[in-house]
Amino acid sequence: MQALRFHQFGAFENLRVESLPDPQPGPGEVVVRIRAASLNPSDAKNVLGRMEGTTLPRTPGRDFAGVVVAGPSAMIGAEVWGTGGDVGFTRDGTHAELVLLPLAGVRPKPKNLTFEEAAAAGVNFVTAWIGLVEMAGFQEGETVLATGAAGGVGSAVTQIAKWKGGRTIGVDRMLMSPERQREYGVDQSIAADPDSGFKNMIGGVLQFTAGKGVNVVFDCVGGPLFDPCLRTLGQLGRQVNITSAGDRRVCFDLVDFYHRRLSLFGADSRAYDTEASAAILDKLTPGFESGALKPAPVVKRFSLDQAREAFTEVDRGAIQGKAVFTFSGDGA
C-alpha cells in the first residue's frame, strides 16, 4: 500500500509517500480501505512536532471514511467512519490507502453522507460533543455561545446545541450571512471587536439573553477572548476551552468567578482513542441521518503526492472549509 510517512518532526518537507506492506488484522481488528481522510490543524501540528506523545516513524491522519476489506467476515464490505486521539500519533493514521484499527473503533457510516462528508466530521464533532455535552452538560432550553463559530468545531457546537433544543450565539471575526446562520444553527451572530475589548460581544449577549447571560460558552479561540467569554456567562455558567490563540496564559477576576459560581472545563479530543470516539459517533449518527447535523463543506481535495502543499495550506489557515485526501475505491 501507499502511505504518507514522516520520520522526524519540524517541517512538511519531511513528509514522503512510501510503499508499505498491507496491514494484516489480528483478533478484534479490521483493515479499512480509505476512501477519504480529512486534514485537521492537529495533523499539521503533529508533523511540525507541536503535539505531545507522537512516536516515530508515523503515518499522520485522524479522521477517515472507507470500506472494511479484512477482518471478521460479517464486516467485509461495510462502509465505516471513525476518528481517534491515538490515530496518527501512537498508531498509524489514515493518510494512507489502508489503515489497521480495532473493530470497536469503527462504526457504520451515516447512510446519507458521502465518504468525503463523513471523513470531514470526526474531530470537529467529537470535540464539540465532549465539551458541550459530556463536560458542560448542555440541556434543552439552554443558551450556548461559541467562538470561532464559522470554524469546524464552533459550527459543530452550534449545530449540536440546536439539535438538543437549545439557543445559540455564534461569535466570529465577521457577521455570518443569514444563509450561513441557518446552515450552522446560529440564532444570533456577533462579530468580535478586539478594538472595543470585545465589549460589543458582551453587550450583544446580554441583549440577546435579556441580561441573564448564557449558560455555556464553548471557546474555540482562547487567549484574548478567554476573559470576555467568562463575562458573558450567567449564574452557574460553564465555560469550555480547547485551545489558546497567542498567549497561553490568561487572567480573570477570581472573586467574580466564584460569586457567579462558574465552572471551567478543558476539553481535549486527544484523550479519546478510536474506541471512545466511536462511542460518540454512535450518539451523533442520528443527528447526521436526520439532517440536523452537517459536516463542514469539503472545499479542497488532494492526493498523497500533494501532501506537502496540503499540510502547508491547512497550517496557514488558508482553507475555509475542509480539505481531504481522496482515494479510488478499487484499490488501484
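The values are calculated or read from the model by the stated rules, or taken from the named source; none is laboratory data. Remember, predicted model here, so these are calculated numbers, not experimental data. Ideal geometry is used to build each Cβ from the backbone, glycine not excepted, and the neighbour counts take in all protein chains shown. Note: areas computed on protein heavy atoms with side chains; ligands, DNA, RNA excluded. Shrake-Rupley method; radii C 1.70, N 1.55, O 1.52, S 1.80 Å.
Please go through the stretch 266-283 and give me each residue that is over 12 Å from the mean Cα position of the chain (by Cα), in a helix (DSSP H, G or I) and among the small types (Gly, Ala, Ser), ordered by number. Those that are over 12 Å from the mean Cα position of the chain (by Cα), in a helix (DSSP H, G or I) and among the small types (Gly, Ala, Ser): Ala271, Ala276, Ala278, Ala279.
Exactly one residue out of Leu233, Leu284, Leu264 is surrounded by 19 or more Cβ atoms within 10 Å (Cβ to Cβ) and free of Cβ contacts under 8 Å to residues at least 40 places away in the same chain: that is Leu233. Considering only residues in the stretch 61-70 that are over 14 Å from Arg107 (Cα atoms) and open to solvent by less than 50 Å² (accessible area, probe 1.4 Å), the one that is nearest to the chain's Cα centre (by Cα) turns out to be Arg62. One residue stands out among those in the stretch 33-49 that are open to solvent by less than 40 Å² (accessible area, probe 1.4 Å) and in contact with a strand residue (DSSP E or B) (Cβ under 7 Å, 6 or more places away or on another chain): the one that is nearest to Leu100 (Cα to Cα), which is Ile34. Filtering the stretch 171-184 to residues that are more than 24 Å from Thr285 (Cβ to Cβ) and surrounded by 20 or more Cβ atoms within 10 Å (Cβ to Cβ) leaves Val171, Asp172, Met176. Restricting attention to the stretch 84-97, the residues that are assigned to a strand (DSSP E or B), surrounded by 24 or more Cβ atoms within 10 Å (Cβ to Cβ) and more than 15 Å from the chain's Cα centre (by Cα) add up to 1. Screening Asn14 on (1) open to solvent by 10 Å² or more (accessible area, probe 1.4 Å); (2) touching a strand residue (DSSP E or B) at 6+ places or on another chain (Cβ under 8 Å); (3) in contact (Cβ under 8 Å) with a residue 24 or more places away in the chain; (4) over 25 Å from Arg316 (Cβ atoms) shows it passes everything except condition (4).
When restricted to residues that are open to solvent by 10 Å² or more (accessible area, probe 1.4 Å), more than 15 Å from Thr274 (Cα to Cα) and in contact with a helix residue (DSSP H, G or I) (Cβ under 9 Å, 6 or more places away or on another chain), the stretch 114-128 contains 1. Counting only residues that are crowded, with 16+ Cβ neighbours inside 10 Å and without any contact (Cβ under 8 Å) to a residue 24 or more places away in the chain, the stretch 239-256 holds 2 of them. In the set (1) part of a loop (DSSP other than H, G, I, E, B); (2) open to solvent by 30 Å² or more (accessible area, probe 1.4 Å); (3) in contact with a Pro (Cβ under 7 Å, 6 or more places away or on another chain); (4) not basic (Lys, Arg), the condition left unmet by Leu100 is number (1). The residues of the stretch 129-139 that are of a type outside the set (Gly, Ala, Ser) and open to solvent by less than 10 Å² (accessible area, probe 1.4 Å), listed by number, are Ile130, Leu132.
Considering Asp187, Asp193, the condition of being within 19 Å of Lys294 (Cβ to Cβ), among the acidic types (Asp, Glu) and open to solvent by less than 70 Å² (accessible area, probe 1.4 Å) is satisfied by Asp187 alone.
Please work out if Val157 is surrounded by 20 or more Cβ atoms within 10 Å (Cβ to Cβ), touching a Cys at 6+ places or on another chain (Cβ under 6 Å) and outside any loop (DSSP other than H, G, I, E, B). Answer is no for this residue. Each residue in the stretch 287-312 was checked for being over 15 Å from the mean Cα position of the chain (by Cα), over 15 Å from Ala65 (Cα atoms) and either buried (at least 22 other Cβ atoms within 10 Å of the Cβ) or among the basic types (Lys, Arg) (or both), and 5 of them qualify.
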